[in-house]
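Peer 1: Can you read through this structure? Questions will come right after.
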Amino acid sequence: MKQSVLDRLEILDQRNQSMDPDPDTLQEWMDALAGYAQQFKAQIPTAKGYETNLSPTSSIQTSLLKDTPTPLPEILADYRKSVMEVGLNAASGKHLGYIPGGGLIPGAIGDFVAAMSNVYAGIYFASPGAVRIENTLLEWMRDLFHLHTGTAGTLTSGGSIANLIAVVCARDARKVCSTEFQKLVIYTSSQTHHCIDKAIRIAGLGDSEQRTVPLDESYRIQPAAFAAVIREDREAGRIPFMLVASAGTTDTGAVDPLPELAATCKAENVWFHIDAAYGGFFQLTEHGRSKLKGIEWADSLVVDPHKGLFLPYGLGAVLVRDGEQLRASNHFTANYMQDANRNPSEWSPAELSPELTRHFRGLRMWFSLRAFGLDKFREGLEHKLLLALYAHNQLSQLDGIKTGPPPDLSVVLYRFTGTADDNAFNLRVTQEIQEGGEVFISSTTIDGTVWLRFAILSFRSDKQVIDTALEILKRYLA
Ligand SMILES: *Cc1c(COP(=O)(O)O)cnc(C)c1O
């Protein structure tokens, strides 16, 4: 070995050490982080729900990626300016648009700890503790929804990927060959989340028949209409394959009549998928349990802890009644994994999802559920249901505003009426409220009609926020 190589190696050995901070540097970093956290918390009540001025983002440039170090406080300060103060403030309780959640701080701490320790959460062999924690969370959800003991599941980055995994699993479980895909019929409704359409395409089922089942006046699937279209499809020689029901639609929060739909699916051998990404965790409340009755019959179920458990973005879950089917869709063998798959005493995420190396994303949920205790979540979700009830009640007393159906869960639908062009007026109100930033709301269009919504699910939303939103709306009443 040449001496010059050994000399260079010695230098690099030295220099490499600074990638790991010494105790003083680590303390400085942690202090900077703590300072950031305090500052973040302190500004939340006064921060806008939305900031339209995009100019701070222009400072995000490749020139910031320098050859030499930048002090962490400076990086955090840049972040505060160019990221946090622009666009939608999804951590704010003023976020009443789309589906919020908030981002519980113990969840962020769980993420930090998971990332810092860099445990390998994909395979039981690598981190039995991490996999046990994630499987325990899945068992907790299985029991919460009274699913079968043979259920298996996996924690995903969100509801879209969870739904995709479910669609693929249903496809594989059905054991039809690809030449028959055109004959398959997938039943959805006009209120099904668009990620299902994506999932169908990505799963290679784009050529299958997608049938939208009619809704009742509360935007719930009509069970009789579902049974009727199945009959038609059978008579036409098609293969009824899967129903996607929603337990809390994104637009209106409507819960489809799960027991009736479950019965039809069972009788017709149709895979019963429930997308409960938004509504699932209301199961923790008494009202939610009565609304979500029948959820236990799902062949596959999707929930989003980053919505209903108020966790930071990046956590969905899919549960499949016949866990073997989920494994059949996702299992693998690989020469270089031969040591890792020795005698596992339980299934690993890598066998139950398309992922291998992955963030230990379950830790944010574990930390949060333990740090607060389950009662805090039960109360938090009941609080959101009551806020929705309150908002619907207050809105329905306002002349010039028409409310949608009484909320099944925590989405409240309303619109201004009696203007020259109601759709245009409601869109203008939405845009102006968004630009004002006092609260953030979003609109939707159902059957050609524009509606405004309150989606109340941030743990930081309270009566004060709803009252502010109501006051803003009243300004638009003549
Ligand atoms: C949010 C949502 C999804 C998509 O989940 P992501 O976590 O955003 O990927 C799917 N279905 C419903 C009903 C939702 O509310």
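What follows is calculated from the coordinates using simple rules that are stated; it is not laboratory data. These numbers were taken from a predicted model, which means no experiment stands behind them. A quick note on method: Cβ atoms are made from the backbone with ideal geometry, for glycine too, and the neighbour counts reach across all protein chains shown.
Peer 1: Count the net charge of all other residues whose Cβ sits under 12 Å from the Cβ of Ala114, scoring Lys and Arg as +1 and Asp and Glu as -1.
Peer 2: Net charge in that neighbourhood comes out at +1.
Peer 1: Here is a follow-up. Kindly provide the helix-only [θ] at 222 nm of the chain, computed as the sum of -39,500 (n - 2.57) over DSSP H runs of four or more divided by all residues, to the nearest 500 deg cm²/dmol?
Peer 2: Using -39500 (n - 2.57) per qualifying helix, the result is -13500 deg cm²/dmol.
Peer 1: Please arrange Ser92, Ser4, Ser443 by how many other C-beta atoms lie within 10 Å of their C-beta, fewest to most.
Peer 2: Result, fewest neighbours first: Ser4, Ser443, Ser92.
Peer 1: On to the next question. Add +1 for every Lys or Arg and -1 for every Asp or Glu among the other residues with Cβ under 12 Å from the Cβ of Lys81, and state the total.
Peer 2: Net charge around Lys81: -3.
Peer 1: While we're on this one: Please work out the C-alpha center-to-center distance from segment 313-365 to segment 69-119 and express it in whole Å.
Peer 2: 27 Å
Peer 1: Can you give me the long-range amide H partners of Ala152? Hydrogens built in the peptide plane at 1.01 Å from N, cutoff under 5 Å, separation of 5 or more residues or another chain.
Peer 2: Val320, Gly323
Peer 1: Can you pull the one-decimal nm distance between simple spin-label points at Arg231 and Ser55, each 7 Å off the Cα toward Cβ?
Peer 2: That separation, rounded to one decimal, is 6.6 nm.
Peer 1: Next question. Can you check what the net charge comes to around Leu137, using other residues whose Cβ is under 15 Å from the Cβ of Leu137 (Lys, Arg +1; Asp, Glu -1)?
Peer 2: Net charge around Leu137: 0.
Peer 1: Moving on. Residue by residue, what Karplus-based ³J(HN,Hα) values in Hz, rounded to whole numbers, does segment 443-459 have, using 6.51, -1.76 and 1.60 with θ = phi - 60° and x for Gly and Pro?
Peer 2: Once rounded to whole Hz, the list reads 10, 8, 10, 10, 6, x, 9, 7, 10, 9, 9, 10, 9, 9, 8, 6, 5.
Peer 1: Taking 0.36 nm per intervening residue step and subtracting the Cα-Cα distance, what contour gain separates Ala42 from Ser4 on full extension?
Peer 2: Full-extension gain reported as 8.2 nm.
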